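Novice: Right, I'll just put the structure down here and ask away after.
The values are calculated or read from the model by the stated rules, or taken from the named source; none is laboratory data. Please read these numbers as outputs of a predicted model, since none were measured by experiment. Don't worry about glycine lacking a Cβ; one is built from the backbone with ideal geometry, like all the others, and counts go over all protein chains shown.
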Amino acid sequence: MAQFDTIIRGGTVIDGSRMPRFKGDIGIKDGRIAAIGHLDKSAAARVLDASGLCVAPGFIDLHTHYDAQLFWDPYCSISSWHGVTSVVIGNCGFGFAPCHPKDRERAMLTMTRTEAIPYECMKAGIPWDWESFPQFLDSLERRPKGINVLPYVPLTPLITYVMGLDAAKTRKPTQAETDQMCRLLDEAMDAGACGWSAQRLHPSGGNCVQRDFDGTPMVTDLMHNETALAFARVLRQRNEGFIQMVLSTADPRADVRHMEELAEVSGRPIIFQALRSTDSRPDAHHLTMKWLDSCYRRGLRIYPQAIITDAGLTFDLSQDLNIFDDSEAWCEAMLGNVEDKLHKLGDPARRPALRARPPQTATDFWDIIIADVKQPEHKHLEGLTLGTAGEKLGKHFVDAMLDLAVAERLRTEFFAPAHNTRLDLQTEVAKYPYAIPGVSDGGAHTKFLTAGGYPTEYLINFVRDSGAMSLEEAHWKLSALPAYAAGFSDRGILRPGYAADIVVYDYDGLKLMPQEIAHDLPAGEWRRVRRADGYRYILINGEVTFEDGKATGAASGALLRHGVAA
C-alpha cells in the first residue's frame, strides 16, 4: 500500500502562516496532510506536478448565502471556481431553519428580495425535509458537497419560529419567548452551528437596503438590544462560537457601543460588516480602522470583513431588487410583479417623490450607466450615464431612466459602478492588519452581482500587479485569518495533520474571465457568472475537485460541525 494517496510535487509552497515560501512537496493521506518536504514520488498512488506553480491553503469565504444553492449546486459556484474550499452560510440573519412547514413559502419569498435568489429556483431546488435547525444540518449532511460548509444560526428564522412573523416585527419577546429562543440556539450549537448572525439596519429607510418581501424591515432590523445580548450570553456560557453582524442604525455611536457590548458580553469573536473604502469620502475607512484599533487595545475581538472588489451592479427594473430600498418612495414603487412596477414607475403622480429622493445604490444615481437598450430607437442612449442622458433628452435623470425603462417594459439593462473603484483606497483597506477579504454574497444577487471571484482579484490586484503585499501576507488573510476568526480548527494553513484543502495555481497566469450569462439554475432560471483561469488543481479534503477549471465530479466537501468534519 502506498504511503500517500497523493503527492503534490515540486511547487512553491506558501503555507498560510506568513512564513517565507519554500520549494517542496506535500503528501496527502486519508484527506489530510501527512508530510511536507522532499518526498519520493514513488510513495504515492497519484502525483500532481506543481512545478512552476504556487501551492497554498484553500480560501475561506465567511460571507455567503449558499443556503439554498447547496441543494442544487454541490460546488457552490462561483466561489469554488476561484479557489474557495470552505464557505460559511446563514449570514446576515437570513436562512431557512428553523421553519414551521406552514411558513416555508414566506421564507422563500423573503429571500427573493433581501438576497435576490429567484423564487422558482428555491421552489424547485429546496427539499424542505426539516423543521428544526439540527434537522437542517442533517439534510445538508446527506447532500453531496463539493465544498466545505460551516453554518451560522440565522436569527430571522429563529425569532420568527418562536414568535411568528407579525409579532416578531411589532413587539419585544416575552421572557418565556426569549428563554425558548436561547434554548433553540443552544440546541443548534449542540448540533454543530458555529454561532449566530444578524442584520441590524435602520428600520425606516436611511441605510435599510435589505428589506423583506413586502418592503418592511427584516425581523432583526427590529430586534431589541436586550434580545441580541441574550443570544450573546448563550455563546459566553458555551465558550464557543462567534457572531456575524451587519450593523447600521440612525446613530453610529450607538452602533459602536452595541457592537462593543456584544463582544464584551459574549467573550467571542465578532465578524463585522464591513470595512470598505468610498471614493467620495476617502478618509471614511480610516475612522473605522481607528475604532477597530481601539477595540484591540481593549481586548475586544471584532474583525472586519473587507470589501476589496469594485463589483458594480448590472440590473434591470423587472428584477427583484433591494438596491433602491433606502428610499421609501422607490422601495414602494419596486414592489410587486412587472405589471405592478410598470404602472407605478410610469405614474406621473409618483415622479416628484422619486425625483426628490433618488436611492444611493452602488454609486451616485446620476452616474448609473445605460448599458443595454432593447429597442433600436433608443440606441443613441446606450453607454450614457443617466445624468448625460437626462441632459440630452432635456429631462431629469430619474425621468430619463424611468421613461426609457417603461418604454422597454423594464428590460433596459443598467450598470451602477461601485462606490469603491479607487485602487489606492482599496489597497489601504486590503492592507489593514486584520481585514478579512470577502463579503462575496455567494449564492445571492445572482442576476446582478459576481463578487465570488474576490480571491482571484485579491491576488492579482494587491500582490502580482501592484506589489502592495506579499504572497505570504495575502494567503494568510485569504485562509488563516478567516479560519482563526471563525473557529476552523484544522484548516487555513498547510501543516501536517490539517485537512488537505489546497489550491495549486499559476501565479503569472492567474486571470479573471469576463462576466457571462449562465442558464444553469433550477426551473430554467439564469444568473451572471465570472470564471477564473490559472487554477491547475483545487483539492478539498485531499480529493481533486477542479482540474484546469473543470469539475472532476468529486464531492469531497464536508459539513463542518463545530468547525471540523465529522
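Novice: Among the residues of the range 441-463, is any touching a Leu at 6+ places or on another chain (Cβ under 7 Å) and farther than 30 Å from residue 520 by Cα?
Specialist: Yes, the conditions are met somewhere in the range 441-463.
Novice: Among (1) surrounded by 24 or more Cβ atoms within 10 Å (Cβ to Cβ); (2) within 17 Å of residue 337 (Cα to Cα), there is one condition residue 106 misses while meeting the rest; what is its number?
Specialist: Residue 106 satisfies all of (1) surrounded by 24 or more Cβ atoms within 10 Å (Cβ to Cβ); (2) within 17 Å of residue 337 (Cα to Cα) except (1).
Novice: Looking only at the range 335-358, filter to residues that are without any contact (Cβ under 8 Å) to a residue 60 or more places away in the chain and part of a loop (DSSP other than H, G, I, E, B); which one of those is farthest from residue 212 (Cα to Cα)?
Specialist: Per the stated criteria, the residue is 347.
Novice: Condition first: acidic (Asp, Glu) and closer than 21 Å to residue 54 by Cα. Now tell me which residues in the range 411-469 satisfy that.
Specialist: 457, 465
Novice: For residues that are of a type in the set (S, T, N, Q) and more than 11 Å from the chain's Cα centre (by Cα), scanning just the range 441-461, find the one that is nearest to residue 317 (Cα to Cα).
Specialist: Looking at residues that are of a type in the set (S, T, N, Q) and more than 11 Å from the chain's Cα centre (by Cα), I get 446.
Novice: Additional query: Quick check on my filter: what residues within the range 490-527 are closer than 20 Å to residue 471 by Cβ, assigned to a strand (DSSP E or B) and of a type in the set (A, V, I, L, M)?
Specialist: 502, 503, 504, 512 - these are the residues of the range 490-527 that are closer than 20 Å to residue 471 by Cβ, assigned to a strand (DSSP E or B) and of a type in the set (A, V, I, L, M).
Novice: Are there any pairs, at least 6 apart or on different chains, whose C-beta atoms fall under 7 Å, with the first in the range 102-123 and assigned by TED's automatic domain parsing to the domain that holds residue 450 and in contact (Cβ under 8 Å) with a residue 12 or more places away in the chain and the second part of a helix (DSSP H, G or I) and of a type in the set (Lys, Arg), and if so, which?
Specialist: 108/123
Novice: Looking only at residues in the range 544-563 that are among the polar types (S, T, N, Q) and part of a strand (DSSP E or B), which one is nearest to residue 77 (Cα to Cα)?
Specialist: Once the filter is applied, the top-ranked residue is 545.
Novice: Any idea which of 506, 520 is in contact with a Cys (Cβ under 9 Å, 6 or more places away or on another chain) and surrounded by fewer than 21 Cβ atoms within 10 Å (Cβ to Cβ)?
Specialist: 506
Novice: Scan the range 440-476 for residues that are among the small types (Gly, Ala, Ser), over 18 Å from residue 115 (Cβ atoms) and assigned to a loop (DSSP other than H, G, I, E, B) and jot them down.
Specialist: Answer for the range 440-476, where residues must be among the small types (Gly, Ala, Ser), over 18 Å from residue 115 (Cβ atoms) and assigned to a loop (DSSP other than H, G, I, E, B): 466, 467, 468, 470.
Novice: Can you work out which of the residues in the range 88-102 that are within 24 Å of residue 559 (Cβ to Cβ) and either surrounded by fewer than 19 Cβ atoms within 10 Å (Cβ to Cβ) or polar (S, T, N, Q) (or both) is nearest to the chain's Cα centre (by Cα)?
Specialist: Step by step, filter the range 88-102, then rank; the result is 91.
Novice: Looking at the range 9-19, can you tell me whether even one residue there is over 30 Å from residue 132 (Cα atoms), buried (at least 23 other Cβ atoms within 10 Å of the Cβ), in the same structural domain as residue 472 (by TED's automatic domain parsing) and touching a residue at least 40 places away in the same chain (Cβ under 8 Å)?
Specialist: Within the range 9-19 (the criterion being over 30 Å from residue 132 (Cα atoms), buried (at least 23 other Cβ atoms within 10 Å of the Cβ), in the same structural domain as residue 472 (by TED's automatic domain parsing) and touching a residue at least 40 places away in the same chain (Cβ under 8 Å)), the answer is no, since none of the residues qualifies.
Novice: To continue, here is another question. Filter the range 165-203 down to the residues that are assigned to a strand (DSSP E or B) and among the polar types (S, T, N, Q), then identify the one that is farthest from residue 62 (Cα to Cα).
Specialist: Per the stated criteria, the residue is 199.
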